[in-house]
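Here's the structure, in structure tokens; my notes come after.
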Amino acid sequence: MLCNFKNCGGGWSPNGDDQQPWLQLDLQDRFKVTSIATQGRWGSSDWVTRYQLQYSDSGRTWRPYRQEDVIWTFIGNSDTDTVVQHKLPHSIRTRYMRLLPLEGSPKGGMGLRLEVYGCTYKSDVADFDGRSALLYRFNQKSTSTVKDVISLRFRSHQAEGVLVHGEGQRGDFLTLELQRGRLILHLNLDDAKPQSTGRSSSVMLGSLLDDHHWHSVQIERFNKHVNFTVDGHTQHFRCLGQEDTLEIDYELSFGGIPLPGKPGTFLHENFHGCIENLNYNGVNVIDMAKRRKPQIYTGNVTFSCSESSSVAVTFLSSTGSFLMLPADYSMESLSVRLQFRTWNQEGLLFSVPLSLDPDPINLLLQLSQARLLLSLSGGQQNSAQVLSGQNLNDGQWHSINREFSLCNLVLVVDVVFDLKDSKLGFSIVLGCPLFQCDFNCENPNKGYQGCLRLLFINNHPVDILQIQQETLSNYSQISFDVCNIQDRCLPILCEHSGQCIQSWDQFYCDCSGTGYTGATCHNSIYERSCEAFRKTGSQSSVFTIDLDGSGPLEHTQVNCTMAEDKVWTVVGHDHMRIIDIRGSTPRSPFVLIFNYTISPYHLRSLVTSSEHCQQEVIYRCRKSRLFDTWDGTPLSWWLDRDGVKRTYWGGFLPGVQQANDTGVLSYKDHLPLSEIAIGDTNRTNSQAELQIGPLRCYGDRFFWNSASFYQESSYLHFPTLQAELSVDISLFFKTSALSGVFLENLGVRDFIRLELSSPYTVNLTFDLGDGPVIITVQSPVALNDRQWHYIRAERNVKEASLQVDSLPLKLNEAPSERPYRLQLSSQLFVGGTASRQRGFLGCLRALIINGVTLDLYERAKTTPGVNSGCPGHCTSDSVCHNGGRCVEERSSYTCDCTQTAFDGPHCRTALAASFESGSSVLYTLQEPFSGILNEEARRSPAGFHDADVTKSQEKVSFGFLTHHVPALILTAHTLDQHYLAVMLTSNGSLQIQYLLNKEKGTEKFSPGSSSLADGRFHWVKINRKGQELFVQVKCILTCTVNITNITLNFSCPILFPVSGSDTTDKELVQAGLRGFIGCLSSVQFNQATPLKAALQNSQSPLVTVIGRLEASSCGTISSLNTLSNTHTHSDDSAKTDQGKDPLKKADQNDLALIGGVVAAVVFITLCVLAIIIHFLYRHRRTSAPSVITGKMHRPSMEHPPYRAALDLHKPNHDSKEYYI
């Protein structure tokens, strides 16, 4: 106890002139502090409403108290007498404490009484000077352990050094070492040649561990399973090796790796710092060393921890931090030495005015693109610049030790520089405020933001603490005695292998090449199923899908076959052809293992989410049985996806053992086949042919998974949301109620809630423990209109967003210094709350959280007040096509096609128009549809220009038919003359152009070289999300590419512009002059449908039609969106090959053309043959009486007669199967 409230008098109050007041406590010894309490100053109106804590062992190097990796701000008092106590979530071990008041009483000022709670802390400490070590020698020659536990706490003076090492003669070894301020654990079990193979388990944890503060480490191993923990962050891994035991010979060393027989000689850089409470398998090693036990070799180790003499300062702001050092006008030369560490690429370290008139000359040392730039700025004769170093923004300490002369400027690393020709005295300004010029410093970029220490001017150390205490000292936004650097990329908060890039204040995620987008690479850029592609009007093709959206499964390629009434997802395997089987027995069967083109995890997810799946089995045989005819014993069998043996065959349900040789397996829980065994082809002349078709699935059984809530107190409950770092929620709802909670999940302090707060308002509310955050979307129309409405909400460590229907997305960016973990503990309430108040009345469906669809339908079966399903006519996603919205009527439904480029009762009628030479359509958008740079993005540090790209996107789709090239199909311009253009080049290939940065010029992308000006109808889809550009052409060619520097705010897309196109690209200008001659269909740009507006509402002020425009039917050909229901095995296998470059799909065009020609020739030949046969047949009837004869055929051994039993359950459309 430091101070009792009753006997401490008035308390503490800072000097009013103090810029950065703090109250420092000396506990006289190291204590384990567990709680702190404050009270206002007695007999006054002074108290502290908010404060922070720092702690130190030496009183010189301080560390801020953090919670959830954030510098924590404690809530103080609101009056004089009330005691506010905070129990620390994690205790601190310290001797000195500082309380930094941030805000005082609005009625008075700052003042407080303080009490600290804790207990004494004792530890065994050893100090290593970089040349010493502790060797723990075993009683035996070697030790072999199955389980190991090593724990210690360390404080390091440098970024490199070995803490623990042990090895055995058979190749076992264990090494724990610091590398660039991070801890690396190397562990290997009984690998005979670790050096030659390079095989070992290496795990890295922690960052910036050379900060002179204590860090805790624990290693727990059982067999090959290891838990490695640093400062509370644990990584689980399985180590390599042949055995489960760790064999270490002779000794275990701490502080270095000595050569055999030569203690004190090290192979790696040894540790410089302190270690305390070092325990190895229950043995207190430092305690044994202090008691001079013979098992321990001390090696010049001392048992008290030395303190560092360096004092660091932190420049908190890149725009306002500076520290002015006193000027000494008697100096004629200058040398500067210092160390710095930062994450920023740019920053002015210091400036020195050398001459004020007539031409001011300034010496500048700054970071420029993570390199040091020393420059003289001023008169032309004195201008000079020298660059040195690279990657200096890596967060490590870097030393500056330079020499320069005014007449002959030299910049050499580790050399002192002198300035002898300056006649005027100077002052030094570290950092510099951007908007103040009182100190004659120049700031061409940004001021410095980072840490400095060990500052020497002319070989004299600068006492930073004395400068802080001087009343006339001049500084701003500086933290003394502490380096507040933080590694914001640890732990890694970028998902799906996104790359983390950081500055001093924040981090960014580079999602290039991951297939995901968003602030943390959380959202997939691909659709979740083939059903989603059908809704957008796509044709059959090979598509990339992401089955679980933002979930852990990677995206994969499947074959999507669009039929009249179904969309089939087809997955092939490696045994699609007919297989001949002979000589197998039940004891030695012929076994075939199937490897599918997608992983088992993807297969399970596909089957689970589909309404129906099936797999065709064709078995033709002679003298081969599936079951023993006497007792029904299976002679052949197959294994399902879980490896369970199955003996039923096509057309029958599980448990029914009948030998139906050809049929369809359709019990979903067993699909797909993983293995098949045929065991009765060893008899004389017995033979079998086997063919297993691909897995074929259709339907999305979750899209209409729904529940109806008719009691306000009712709800559905599910397990706790896994939403600590990120969560995305999407659902559909319809209601007539005024308000209601869609879902809620609570924690001890944290919570998240999604609700309809009024007929026009949807709220997303969450609390991370520091106060609620509310994101609101206001709808211009009532949302309680008994129609389906869509909501998508997302929250991650960078931002939170909410979108309702097609209304603009509401985005809330998270501050960099605030808690970011959402810690929930209760069950998830859907349709209600834990208090059973404000429950939702209406229907919910398709509730998806983090890629997982919650089964509302099944859960509602056992919940009072909730019914499974929803009443109404919009109960199938197939009623409205191409993105049309189903609208409930009293006794029927209608399809709202407003937001689509289609028309008709079910939004299936494509709207097309014919364009002549000189025809064009201009359409002006009423509001921007793509992302706009916000203020935070404009302030992004250099090198982070891609960070804002993820916030912008556009979707473009259209169909066209033409013979003319070059042709400009579509352009979209921004107000600042950036543009997107889609054109056909002179050779007929499609080209997409982006002009995004006038300095870098136009970026061009050609998805293929084949000509599309062939008079056939082609469908094009362009989808850009951030830097990922997805293009689909002809439903055959599919590809994704990365583009850079995209920030588009499209305000006036122009279709087929006339010759006045404002661009300098010659090919684009030529295409613009020719315009487009042909047919264009179903044009959509985000939510805008320009061609539809031109055809149906040409009088609109948003539409301008130039030339002649006629409606056409080029986009309504039945083959565009519907293909035959049938399929062929060879076709499926070709389309589901995985791992090929999507661009190579263009080669199928030539094959399709050749196949078409061959098919035409065969068809004509068959027609001619049919005519001849018909003629001969009629001729025979007229010349002789017809005679019908029968003949018994015996089986031929050369061509055995195969039997193929038809499955009655096989779909009728299989009889329509044809081959080309």
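The values are calculated or read from the model by the stated rules, or taken from the named source; none is laboratory data. Keep in mind that what you see is a predicted model, and the values were worked out from it rather than measured. Cβ coordinates were reconstructed from backbone atoms using ideal geometry, including for glycine residues, and neighbour counts include every protein chain displayed. These area figures cover heavy atoms from the full protein model, side chains too; ligands, DNA and RNA do not enter into them. Shrake-Rupley method; radii C 1.70, N 1.55, O 1.52, S 1.80 Å.
Determine if segment 703-719 includes at least one residue that is assigned to a strand (DSSP E or B), at pLDDT 95 or above and over 34 Å from the mean Cα position of the chain (by Cα).
yes
Looking for whichever is closer than 30 Å to I485 by Cα and surrounded by 15 or more Cβ atoms within 10 Å (Cβ to Cβ) here; the options are G241, G206, G299. Which one fits?
G206
Which one is surrounded by the most Cβ atoms within 10 Å (Cβ to Cβ), of the residues in segment 747-759 that are touching a Leu at 6+ places or on another chain (Cβ under 9 Å) and under 16 Å from G842 (Cα atoms)?
By that ranking, first place goes to L756.
Taking N867 as meeting all but one of (1) of a type in the set (S, T, N, Q); (2) more than 26 Å from N523 (Cβ to Cβ); (3) without any contact (Cβ under 8 Å) to a residue 60 or more places away in the chain; (4) in a strand (DSSP E or B), write down the number of the exception.
Against the list (1) of a type in the set (S, T, N, Q); (2) more than 26 Å from N523 (Cβ to Cβ); (3) without any contact (Cβ under 8 Å) to a residue 60 or more places away in the chain; (4) in a strand (DSSP E or B), N867 comes up short only on (3).
Residues that are hydroxyl-bearing (S, T, Y), at least 3 per element: which strands (runs of 3 or more DSSP E) completely within segment 467-522 meet that?
none
Examine segment 936-943 for a residue that is buried (at least 20 other Cβ atoms within 10 Å of the Cβ), modelled with pLDDT of 75 or more and out of contact with any helix residue (DSSP H, G or I) (no Cβ under 7 Å at 6 or more places or on another chain), and state whether such a residue exists.
Looking through segment 936-943, none of the residues is buried (at least 20 other Cβ atoms within 10 Å of the Cβ), modelled with pLDDT of 75 or more and out of contact with any helix residue (DSSP H, G or I) (no Cβ under 7 Å at 6 or more places or on another chain).
Quick one: what pairs do we get from segment 755-774, first residue at positive phi, second of a type outside the set (D, E, K, R) and buried (at least 17 other Cβ atoms within 10 Å of the Cβ), C-beta under 8 Å, 6+ apart or different chains?
From residues that are at positive phi, the pairs are G769/P819.
Applying the selection to segment 78-128, what residues are touching a Ser or Thr at 6+ places or on another chain (Cβ under 9 Å), part of a loop (DSSP other than H, G, I, E, B) and more than 26 Å from D481 (Cβ to Cβ)?
S78, D79, T80, V83, S105, P106, K107, G108, listed by residue number.
Residue-wise test of (1) open to solvent by less than 40 Å² (accessible area, probe 1.4 Å); (2) of a type outside the set (S, T, Y); (3) under 30 Å from N188 (Cα atoms).
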| site | (1), (2), (3) |
| --- | --- |
| T94 | yes, no, no |
| L100 | yes, yes, no |
| G109 | yes, yes, no |
| L112 | yes, yes, no |
| F128 | yes, yes, yes |
| A133 | yes, yes, yes |
| S144 | no, no, yes |
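Kindly indicate the residue of segment 637-662 that is part of a strand (DSSP E or B) and in contact with a Lys or Arg (Cβ under 8 Å, 6 or more places away or on another chain) and also modelled with the lowest pLDDT among those meeting that condition.
Applying the filter and picking the extreme gives T662.
Could you run through segment 526-555 and say how many residues are closer than 20 Å to F958 by Cβ, in a loop (DSSP other than H, G, I, E, B) and open to solvent by less than 30 Å² (accessible area, probe 1.4 Å)?
So the count comes out to 3.
Pick from S779, S736: which is open to solvent by less than 50 Å² (accessible area, probe 1.4 Å) and of a type in the set (S, T, N, Q)?
The unique qualifying residue is S779.
Of the residues that sit in segment 802-842 and are open to solvent by less than 10 Å² (accessible area, probe 1.4 Å) and in a strand (DSSP E or B), which one is nearest to D785 (Cα to Cα)?
Per the stated criteria, the residue is V804.
Identify all residues within segment 984-1029 that are part of a loop (DSSP other than H, G, I, E, B), open to solvent by less than 30 Å² (accessible area, probe 1.4 Å) and either among the hydroxyl-bearing types (S, T, Y) or in contact with a Phe, Trp or Tyr (Cβ under 6 Å, 6 or more places away or on another chain) (or both); write none if there are none.
T985, S989
Out of the residues in segment 611-626 meeting the condition of being modelled with pLDDT under 90 and buried (at least 21 other Cβ atoms within 10 Å of the Cβ), tell me which one is nearest to the chain's Cα centre (by Cα).
Step by step, filter segment 611-626, then rank; the result is Y619.
How many of the residues in segment 556-605 are under 21 Å from D546 (Cα atoms), open to solvent by 30 Å² or more (accessible area, probe 1.4 Å) and in a loop (DSSP other than H, G, I, E, B)?
3
So how many residues does segment 458-478 have that are of a type outside the set (D, E, K, R), within 12 Å of V313 (Cα to Cα) and open to solvent by 40 Å² or more (accessible area, probe 1.4 Å)?
Matching residues across segment 458-478 total 1.
Among (1) within 30 Å of S375 (Cα to Cα); (2) surrounded by fewer than 20 Cβ atoms within 10 Å (Cβ to Cβ), there is one condition C489 misses while meeting the rest; what is its number?
Only one criterion is unmet by C489, namely (1).
Would segment 538-559 turn up any residue that is at pLDDT 90 or above and on the phi > 0 side of the Ramachandran plot?
Taking every residue of segment 538-559 in turn, at least one turns out to be at pLDDT 90 or above and on the phi > 0 side of the Ramachandran plot.
Within segment 730-756, count every residue that is under 11 Å from G839 (Cα atoms) and assigned to a strand (DSSP E or B).
The number of residues fulfilling the criteria is 7.
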